[in-house]
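K.L.:
This is the structure I want to talk about, given as structure tokens.
Nothing in this text is a laboratory measurement; each read-out follows from the coordinates by a stated rule. These numbers come from a predicted model, not from an experiment. Here Cβ is always computed from backbone atoms with ideal geometry, including for glycine, and neighbour counts include all displayed protein chains.
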Amino acid sequence: MKATGIVRRIDDLGRVVIPKEIRRTLRIRGGDALEIFTDRDGEVILKKYSPIAELADFAQEYVDSLAESTGQVALVADRDEIIAVSGAPKKGLLGKKVSSGVQVALERGETVTFDDPPAIESFPSGGQVAAPVMQEGELAGSVLILARDGKLSDLEKRLAETAANFLAKHLGQFVRTTEKMPQTGFPLRHFLLQKGIHSLDEKGKALVRMRKEWFYG
């Protein structure tokens, strides 16, 4: 943990202001949710809460399916960084940020296709597509497919959009469920099991197959 040297007082309502410089550096926006942790030493730790990060294992299975089906690099990101990678070394991509230009378009709810600049800093690619995962009109994350060589086709764009819609649907169900019982800290994996979704072998890969069959007849 890094000390900032900044001290803030709590007001009568129990509120404390996070300095603008820290908010800018960590990309904390108005309305963002923060998780609160405490430890035995009396420390209070605030951490940005990413609902889609709860889907990390789920998203990993989906990008594995996308990478296998397309032969390209498949990624899932939350609003800040990559959380699932397939088709390329994870060490070089996990935790990387989506470029600001792509992020702006995604926040408008638009699927982005482009050749340059790279969607992920320090990871050059040919054709690229990024589809937004939207939650109640707000950007929660994105699905990206990066070409290994050459350009991407309309198929990859549709697959990225299908994956983004799939994640958004289940993320929305999870959020609505946890809002009804916020005191439980209801784990996503239990929610998915209740819905009968044990693996993306059952749904994610089936969706990928259906999309390919639809395009190729």
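K.L.:
Search the structure for amide H atoms under 5 Å from the amide H of Lys48, placed 1.01 Å from N in the peptide plane, and list their residues when 5 or more places away or on another chain.
P.N.:
Glu35
K.L.:
Taking 30 Å as R0, compute the FRET efficiency from the Cβ-Cβ separation of Lys91 and Ile36 and round it to 0.05.
P.N.:
Given R0 = 30 Å and the Cβ-Cβ separation, E is 0.45.
K.L.:
Along the Cα-to-C-beta direction of Arg15, a point sits 7 Å from the Cα; which residues of region 40-65 have their amide N less than 16 Å from that point?
P.N.:
Zone members listed by number: none at all.
K.L.:
Applying the Karplus parametrisation 6.51 cos²θ - 1.76 cosθ + 1.60 with θ = phi - 60° to the phi angles of region 65-82, what ³J(HN,Hα) value in whole Hz is obtained for each residue in order, glycine and proline being reported as x?
P.N.:
With coefficients 6.51, -1.76 and 1.60, one gets 5, 4, 5, 5, 6, 9, x, 10, 8, 10, 9, 10, 10, 8, 6, 10, 8, 6 Hz.
K.L.:
Using 0.36 nm times the number of residues separating Ser153 and Asp115, minus their current alpha carbon distance, what extension gain do you get?
P.N.:
The Ser153-Asp115 span can extend by a further 12.5 nm.
K.L.:
Okay, moving on. Can you flag which of Lys2/Lys47; Lys20/Lys47; Lys2/Lys48; Lys48/Lys96; Lys97/Lys151 are past 18 Å Cα-Cα? Provide the component values of the computation, followed by the final result.
P.N.:
Details: Lys2/Lys47 14 Å; Lys20/Lys47 16 Å; Lys2/Lys48 16 Å; Lys48/Lys96 16 Å; Lys97/Lys151 22 Å.
Cα-Cα > 18 Å for Lys97/Lys151; rest within.
K.L.:
Describe numerically, in nm with one decimal, the distance between label points set 7 Å from Cα along Cα→Cβ at Asn165 and at Ser100.
P.N.:
3.3
K.L.:
What are the ³J(HN,Hα) values, in whole Hz, obtained from phi via the Karplus relation 6.51 cos²θ - 1.76 cosθ + 1.60 with θ = phi - 60°, for each residue of region 36-51 in sequence order, with x given for Gly and Pro?
P.N.:
10, 10, 10, 10, 5, 8, x, 7, 10, 10, 9, 9, 4, 9, 10, x
K.L.:
Once amide H atoms are placed 1.01 Å from N in the peptide plane, what residues at a sequence separation of 5 or more from Leu152, or on another chain, have their amide H within under 5 Å of its amide H?
P.N.:
Gly127, Gln128
K.L.:
Follow-up. Hey, could you grab the Kirkwood Rh for region 23-93? Inverse mean 1/r over distinct alpha carbon pairs, Å, one decimal.
P.N.:
Across region 23-93, the inverse of the average 1/r is 14.1 Å.
K.L.:
To continue, here is another question. Give me the one-decimal Kirkwood hydrodynamic radius in Å for region 57-130, with the sum taken over alpha-carbon pairs.
P.N.:
Values: mean 1/r = 0.0801 Å⁻¹.
Value: 12.5 Å, from the Cα pair sum.
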